[in-house]
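Visitor: Below are the C-alpha cells for one structure; questions will follow.
The values are calculated or read from the model by the stated rules, or taken from the named source; none is laboratory data. Computed from a predicted model, the values in this text were never measured in an experiment. Note that we place each Cβ from the backbone using ideal geometry, even for glycine, and neighbour counts take in every protein chain shown. We work out accessible area using only protein heavy atoms, side chains counted, and drop any ligands, DNA or RNA first. Shrake-Rupley method; radii C 1.70, N 1.55, O 1.52, S 1.80 Å.
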Amino acid sequence: MHICSISSLTVTFTFPVSFQIFPLLFKLGANGLLIEYEDMFPYTGELEILKSENAYSVEDIEKIQHLAELNQLEIIPLVQVFGHLEFALKHEKYHALREVTKFPNSLNPHMPDSLSLVKGLISQVIDRHPKASWIHVGADEVFNLGEGQESKNWLNNNNGDKGKMFLNHMKEVGGFIMNKYPGVSLLMWDDMMRQISVEKLEESGITRFASPMIWDYSSKLNIEGIDKYISNYAKAGFKTVWFASSFKGASGPAQIWTPIGQHMNNHLSWLKVINAMEKHTSIRFQGITLTGWQRYDHFSALCELFPVAIPAMAVCLQSLVHGGFNDEARKQTLNILGCKSINLNKSLCEGGGAFVGYEIYQMVHHIKENLKMQIDQILQDRHIKGSFSRYHRKYRFANPRNMEMFGDQILKLHDDWEKVIQDLYISMGKIYFPDTVEEWMEENVYFYMDQLRELVKDYKQIIQLNGRPKTS
C-alpha cells in the first residue's frame, strides 16, 4: 500500500527543511510524497512567467528527489491540467485560456493553446522527475465548466453533455502522457467523474491509463456512497483505485490550529473502507494520500502551518500503519514526536516535543491561547476604559495619575509579546520564505498587535503632556 503525504496547492517551505521532514515522514510510515509544486517549480522558456520569485531551483528539485530516495519515499508530482489553474491563468498572458473570463480557476478546453499550456507544464515537471512512475493530473473542481462561450457552443451540438466534455479533455491529456512518457501512470481526483455514467467512463478510454483518487475529508465518511463510487469505477474498467484523506487544512480555511481528533476520525473511517475492499474483486486498492493543504486555492489565505499539523499527521499516519489509533500507534507516535501525551480533546502534543518546528508549534499555541484574549482584556480594563478611552487618545488628553494605574501593565504586556513575535519570526524564517512569514503574521498576529502597539504609542506620548487640556 502506498501511503503518501502531500503539500497541497503550493509548497512554501525553504529547501533545507526537507532534511528533517523526509526522515520524519519515513519514521511515521509514509512511503511516498505527492507534491503539488504549483508556482514553486523552476519553469523555463514560455512558462517562466509562472515561477514564483521564491521558486525552487533545478538543483533543489534534484536534491528533493535524492533526499526522498534516501528516505524510501517515492515522489509523485501533481500537475493541475483543468481546474485549480489559478497560478497560471492569473497571468495576463493566459487570460484568453480561462473558461470564464473573470475567473482564473478553470481552463477552457476548446482553445488550442490550452492543451499546449498543459503539455508544457506536464513535460517540464516529468522531465525533472525522470524516475517518476506516477503523475497526478489533478482534474478536480473544474468550476464553471460549460459556462464559456466556446463550451456553450460545444454543448449545444453535443446534447449538453458536460461529462463528455470533461472526459474529452482528460483523454487528450492522458493520450499525450502515454505517448511521450509510456512508463508513467496517471492519478486523478475523482469528483468530476462521480456524476458521469459508467458507460461514458468506459467509452472514454481513460480507464486504460488512469486511476481515480476518491477524496473525502469529513470526520465520518458516507461509506455507502464511497462504496458506490468504487463499484462504478470497477464496472467502468478502472483496475486500481486510490483514496485521499486529510491531516491538515481541510477542516477550515485560515485556521491557526489543527483539530487532531477530527482528522484522526477521517482516517479511521477510511480504514473501514480499505478493510472492505476485498469484496471488490475487479478493482484493487493501490494507496492512500494524506493531504495537507497549504491553501484552499492559489488566492486563499494560508491554512495551519506545517509544524502545527505534525502531531495530527503523526496520529493519522500511525493510525493507518497500525489499523487504528491503538496503544501501539499511540506509543510509536509519542516516541517519534518526543511528547509525553497526545490530548485529542485539546488537539495538543503535551509534555515537550522533539519534532522539526516544535518551537514554532509552542509559540503558535501560545498566540492562539493568549494573544487576542490578553489584548482584549487590557482594552476592556476599567482604568483604561475610564481614563484612557479612544476619545481620550483621539484628543490627546488624560490624567497622568490615572494613567500610572495601568502603564506598567501595558508596557510589560507589549514587551513580552514583541519578544514572542520576534522569536517566532526568526524561527519561521528558518523554514518558510519571507513572504509566507509576513503573510502569516499579518493574518494571525498584526491585527491584534497593532492595537496594543497603538495603545502603548499613545500612552508614551500622552503621559509626557502632564495632564494638559484636550486638543481641539
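Visitor: Checking the a/c ratio against 1.5 first, then a/b against b/c, what shape does the Cα gyration tensor give for the stretch 156-228?
Guide: oblate
Visitor: Further, regarding this structure: With a cut-off of 8 Å between alpha carbons and a minimum separation of six or more residues, what is the relative contact order of the stretch 194-345 in percent?
Guide: Contact order relative to length: 24 percent.
Visitor: Taking the stretch 199-230, which trypsin sites (Lys or Arg not before Pro) meet the DSSP loop condition and have no more than 11 other C-beta atoms within 10 Å?
Guide: The qualifying sites are LYS220.
Visitor: In addition: Here are several values of Cα Rg over 2.2 N^0.38 Å: (i) 0.96; (ii) 1.04; (iii) 1.14. Which one was derived from the coordinates shown?
Guide: Matching the structure shown: (iii).
Visitor: Suppose R0 equals 25 Å; then what is the FRET efficiency for SER231 and HIS2 from their Cβ-Cβ distance, rounded to the nearest 0.05?
Guide: So, using R0 = 25 Å, E works out to roughly 0.70.
Visitor: Now a separate question. Using a 10 Å cut-off on Cβ atoms, rank the peptides 321-334, 353-366 from the highest mean neighbour count down.
Guide: 353-366, 321-334
Visitor: Please get the size of the charge dipole for the chain, origin at its Cα centre, with Cβ charges of +1 on Lys and Arg and -1 on Asp and Glu, quoted in debye to the nearest 20.
Guide: It works out to roughly 1080 debye.
Visitor: So which trypsin sites (Lys or Arg not before Pro) in the stretch 106-170 end up in coil per DSSP with only 14 or fewer other C-beta atoms within 10 Å?
Guide: Those satisfying the criteria are LYS131.
Visitor: Same structure again: Net charge within 12 Å of ASN105 by Cβ-Cβ distance, Lys/Arg positive one each and Asp/Glu negative one each, not counting ASN105 itself? Mind showing how you got there, number by number?
Guide: Numbers: positive: LYS90, ARG98, LYS102; negative: GLU86, GLU99, ASP140, GLU141, GLU147, ASP297.
Combined, the nearby Lys, Arg, Asp and Glu give -3.
Visitor: Whole number in Å², please: accessible area per residue of the stretch 92-187, 1.4 Å probe, ligands, DNA and RNA not counted.
Guide: Value returned for the stretch 92-187: 47 Å² of accessible area per residue.
Visitor: Another question about this same structure. Which value at 222 nm does the chain reach when only helices count, each DSSP H run of 4 or more adding -39,500 (n - 2.57), with the total divided by all residues and rounded to the nearest 500 deg cm²/dmol? Could you put the intermediate results ahead of the total?
Guide: Details: 19 runs with 216 residues, N = 472.
Helix-only estimate at 222 nm: -14000 deg cm²/dmol.
Visitor: Please compute the length gained on full extension between LYS93 and GLU62, using 0.36 nm multiplied by the number of residues separating them and subtracting their Cα-Cα distance.
Guide: Here the answer is 8.2 nm.
Visitor: To continue, here is another question. Which stretch or stretches of the stretch 436-459 have amide N atoms under 13 Å from the point lying 7 Å from GLN374's Cα along the Cα→Cβ direction?
Guide: 449, 452-453
Visitor: Given points 7 Å out from each Cα along the Cα-Cβ axis, report the GLN451 to SER133 separation in nanometres with one decimal.
Guide: Reported label-point gap for GLN451 and SER133 is 5.5 nm.
Visitor: Compute the signed sum of charges (Lys and Arg +1, Asp and Glu -1) over the other residues within less than 11 Å, Cβ to Cβ, of ALA55.
Guide: Residues near ALA55 contribute -4 overall.
Visitor: Roll a 1.4 angstrom probe over the protein heavy atoms and tell me the percent of accessible area of the chain that is carbon or sulfur.
Guide: Solvent-exposed carbon and sulfur of the chain make up 48 percent of the total.
Visitor: Which of the three applies to the stretch 108-225, rounded, prolate or oblate, going by the alpha-carbon gyration tensor with a ≥ b ≥ c and a/c under 1.5 meaning rounded?
Guide: Oblate shape, in that a/c is at least 1.5 and b/c is the bigger or equal ratio.
Visitor: Now for a different question. For every other residue with a beta carbon closer than 15 angstrom to the beta carbon of VAL137, add +1 if it is Lys or Arg and -1 if Asp or Glu, then tell me the sum.
Guide: -3
Visitor: So which of LYS119/LYS228; LYS131/LYS164; LYS248/LYS272; LYS162/LYS279; LYS51/LYS152; LYS235/LYS272 end up more than 24 Å apart, counting from Cα to Cα?
Guide: LYS119/LYS228; LYS131/LYS164; LYS162/LYS279; LYS51/LYS152
Visitor: Then there is this: Note down the relative contact order for the stretch 340-472 as a percent, whole number, built from C-alpha pairs under 8 angstrom at least six residues apart.
Guide: 34
Visitor: Express the accessible area of the stretch 311-361 per residue in Å², computed with a 1.4 Å probe while the remaining protein chains stay in the model.
Guide: I get 40 Å² per residue for the stretch 311-361.
Visitor: Please name whichever of ASN159, ASN343, ILE274 sits farthest to the positive end of the charge dipole of the chain, dipole taken about the Cα centre and charges placed at Cβ: Lys and Arg +1, Asp and Glu -1.
Guide: ASN343
Visitor: Kindly state, to the nearest 0.05, the FRET efficiency for ASN144 paired with TYR395, given R0 = 51 Å and r defined as their beta-carbon distance. Each step should come with its number before you reach the end.
Guide: Numbers: r = 52 Å, r/R0 = 1.03.
E(calc), rounded to 0.05, equals 0.45.
Visitor: Where the centre of each part is set by its Cα atoms, how far does the stretch 355-407 sit from the stretch 73-96, in angstrom?
Guide: 44
Visitor: Which GluC sites (Glu not before Pro) in the stretch 364-451 sit in a loop by DSSP (not H, G, I, E or B) and have at most 15 other Cβ atoms within 10 Å of their own Cβ?
Guide: GLU404
Visitor: Efficiency by 1/(1 + (r/R0)^6): what FRET value for ASP113 and ASN153, r their Cβ-Cβ distance, R0 = 22 Å, to the nearest 0.05?
Guide: Details: r = 18 Å, r/R0 = 0.80.
That pair, ASP113 with ASN153, gives E of 0.80.
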